[in-house]
1. In this structure, does ARG417 turn out to be surrounded by 15 or more Cβ atoms within 10 Å (Cβ to Cβ), charged (D, E, K, R) and not in a helix (DSSP H, G or I)?
2. So PRO205 ticks every box in (1) within 16 Å of the ligand (Cβ to nearest atom); (2) without any contact (Cβ under 8 Å) to a residue 60 or more places away in the chain; (3) closer than 30 Å to ARG372 by Cβ; (4) not β-branched (Val, Ile, Thr) but one. Which box is left unticked?
3. Name the single residue, out of those in region 221-230 being outside any loop (DSSP other than H, G, I, E, B) and buried (at least 21 other Cβ atoms within 10 Å of the Cβ), that is farthest from the ligand (Cβ to nearest atom).
4. Which of the residues belonging to region 71-86 are among the hydrophobic types (A, V, I, L, M, F, W, C) and out of contact with any Pro (no Cβ under 6 Å at 6 or more places or on another chain)?
5. So for region 367-378 (the condition being farther than 24 Å from ASN286 by Cα and among the small types (Gly, Ala, Ser)), does at least one residue qualify?
6. What number of residues within region 315-338 satisfy the criterion of being of a type outside the set (A, V, I, L, M, F, W, C), out of contact with any Leu (no Cβ under 7 Å at 6 or more places or on another chain) and not in a loop (DSSP other than H, G, I, E, B)?
7. Are any of the residues in region 245-260 closer than 16 Å to GLY51 by Cα and either more than 16 Å from the ligand (Cβ to nearest atom) or without any contact (Cβ under 8 Å) to a residue 24 or more places away in the chain (or both)?
8. Would you pick out the residues in region 145-174 that are within 16 Å of the ligand (Cβ to nearest atom) and hydrophobic (A, V, I, L, M, F, W, C)?
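The values are calculated or read from the model by the stated rules, or taken from the named source; none is laboratory data. What you see is a predicted model; the values in this text were computed from it and never measured. Don't worry about glycine lacking a Cβ; one is built from the backbone with ideal geometry, like all the others, and counts go over all protein chains shown.
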Amino acid sequence: MKRSKSNVPSLQLVQHSPRHRGWLFGAVGLAAAALSGCAKNAPQDTFDPAGSNAQKIQDLQVPVFVIAGVIGVIVLAAIGFVVIRYRDRGQEMPEQSHGKPSLEIALTILPALILAGVGTFTVKTIFELAKTDDTQCIINVTGQQWWWEYDYPAQDGCGGIKAPIVTSGQLVIPTGQNVLLRITSRDVIHSYWIPRLNGKRDAVPGRVQTLRLEADQPGIYAGQCTEFCGLSHANMKMEAVALYASDFETWKANQLEGYTAPVDGSAAKQGEAVFTANCSYCHQVNDLTTTNAAGEKVPVLANPDQYIVSGAAPNLSNLMTRNTFAGATWDLLTPACRDKVWKAVPEAFGALYLQGVTPECLNQVDLREWLRNAPAKKPMYSSDAQKANSGGKVRGMPNLGLKEDQIDLIIAYLLERN
Ligand SMILES: [Cu+2]
């Protein structure tokens, strides 16, 4: 191969041209920005594990990321070198060779070994994450457009649960315990993901899939549905709330406390009547009663399956014990009160969370907007045609056309659901 000195490509050109140097600085700057983004304490950071399951994933993904990164850099550098060094400058064709067995065998065996190594540790981690025989607490998780329901079956686990607990949006778990989620869906496929506690698990109608969670420290761990599930997919979030065992006992006791009817003559009492008339056919409030035509006290039972496409609506018995609503998308707490809870140190967190939503802390703005016209806040139909095709049922919460004074009364009533 003939080559004159003048057309020998030079990598020096890359280093010395100011234009290229600009590119280099740009790339380094971008990489630094990306890395500093990682260092920030983002609530859904997969690289910031907060429990043993997430830690197992971390222990796998970091070495794999490094190995893949090093190989990636080597391959890209080799490609870059060859592209520049041997670019077409009108030179003669180099001598053609046909295969080099030793190199081919080496380049087959080396990646195979790397993949076998990565594969072994991946399979080992998958098996460890699938373990269920050390379960200490079982919680059923059901996805539907566009919120998550949690029900805690009566069990010896979770420190003992005497009667079922049903809640939504925020999953409350005891710290340090191996919690087993049994995940399913009432409509389309959703996916449950709390990045700081474990990987994802699809919620598939007609199937129950399990996912283990364990949180080392008290606090709130954010997540979101990660399987596109329709119009308000982006408004389908969830939070796992971890409490010390003693605080978890208090939480359970709060959830199972009997119904306290509002005081006669209060705004909340009038709100109870508005609620019974307008909301209770979809939303259950445990032990709520009403008086029938014959003057007997009868339980008020919700029948969401008759009115809603997914067949379910959140249980509102203890709405004000959670911090968020409508798929954990809006806060029930004002920004100042929310900040206090989210930023609390682990030792102080439980007491603050267990306060629930006090009247001073209630985020009236979003809750009122929701009650005024829920579909305006959280889109539920992609078109009028879809709305007409829902078989006489509604998707999500409908616009109930409430008047402002009715909303005032309902809020007074809901504030006592704690
Ligand atoms: Cu979803």
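1. So ARG417 fits the description; yes.
2. Against the list (1) within 16 Å of the ligand (Cβ to nearest atom); (2) without any contact (Cβ under 8 Å) to a residue 60 or more places away in the chain; (3) closer than 30 Å to ARG372 by Cβ; (4) not β-branched (Val, Ile, Thr), PRO205 comes up short only on (3).
3. Out of the qualifying residues, it is TYR221.
4. Passing the criteria: ILE71, VAL73, ILE74, VAL75, LEU76, ALA77, ALA78, ILE79, PHE81, VAL82, VAL83.
5. yes
6. 4
7. Checking region 245-260: at least one residue is closer than 16 Å to GLY51 by Cα and either more than 16 Å from the ligand (Cβ to nearest atom) or without any contact (Cβ under 8 Å) to a residue 24 or more places away in the chain (or both).
8. Result: TRP146, TRP147, TRP148, LEU171.
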